[in-house]
Amino acid sequence: MNLRDGYITTHPDISHGGYLSDDIATADKNLNKRGKGKKFRRPPPLPIGYNEHGIDETRKVLYRNFHEVSGKLYLIEISKGKTKVFICLFENYQSPDEFIALPLSEKLAFYLMNKHENLFEKFVESFYITYGKL
């Protein structure tokens with residue numbers, strides 16, 4: 001192996017932390033040791049308990065961030081259950097019992113996301129609240 005082949009030769013006594021290595025497997029192993037390259041873990045859903053919207057406790061969180069909607073700051077959580085997508089707005093995330101929710105079918109949620117270029121930020125910017133509903 002040499003520079004013409006696209007490889008950078010390294011001396012065995014010098015540790016480069018996986019960036020400059022003859023072996024791709026060694027580089028991947030070193031990156032995983034440092035914590036980079038590990039599998040992304042989703043945050044757990046906020047515990048909202050039993051509710052009239054049918055929001056499941058075992059849902060997977062797709063997006064969670066703070067945004068201003070209709071002049072108030074909300075923690076917005078977009079999560080997916082088995083057959084539905086849930087949009088939850090929490091005004092006080094420390095007491096997740098009080099929230100505004102909008103359950104959507106997967107088909108409608110994918111259509112709306114596609115309309116907003118599949119970007120959660122653009123999707124959330126289109127939200128507004130009237131009469132306490134999203």
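A Cβ distance below 8 Å, combined with a sequence gap of six or more or placement on separate chains, defines the contacts here; from the stretch 44-73, residues that are under 24 Å from Glu125 (Cα atoms) and without any contact (Cβ under 8 Å) to a residue 24 or more places away in the chain reach residues that are of a type in the set (A, V, I, L, M) and outside any loop (DSSP other than H, G, I, E, B) in the pairs Pro44/Val61; Val61/Ile78; Arg64/Leu75; Arg64/Ile76; Arg64/Ile78; Phe66/Leu73; Phe66/Leu75; Phe66/Ile76. The numbered conditions (1) part of a loop (DSSP other than H, G, I, E, B); (2) touching a Lys or Arg at 6+ places or on another chain (Cβ under 8 Å); (3) not hydroxyl-bearing (Ser, Thr, Tyr) are all true for Glu77 except (1). Being free of Cβ contacts under 8 Å to residues at least 40 places away in the same chain, within 13 Å of Leu134 (Cα to Cα) and surrounded by 17 or more Cβ atoms within 10 Å (Cβ to Cβ) holds for only one residue in Ile87, Ile100, Ile76, and it is Ile100.
Coordinate-derived values only; no laboratory data. The structure displayed is predicted, hence computed values, not measured ones. Heads up, the Cβs are rebuilt from the backbone with ideal geometry, glycines too, and the neighbour counts pull from every protein chain shown.
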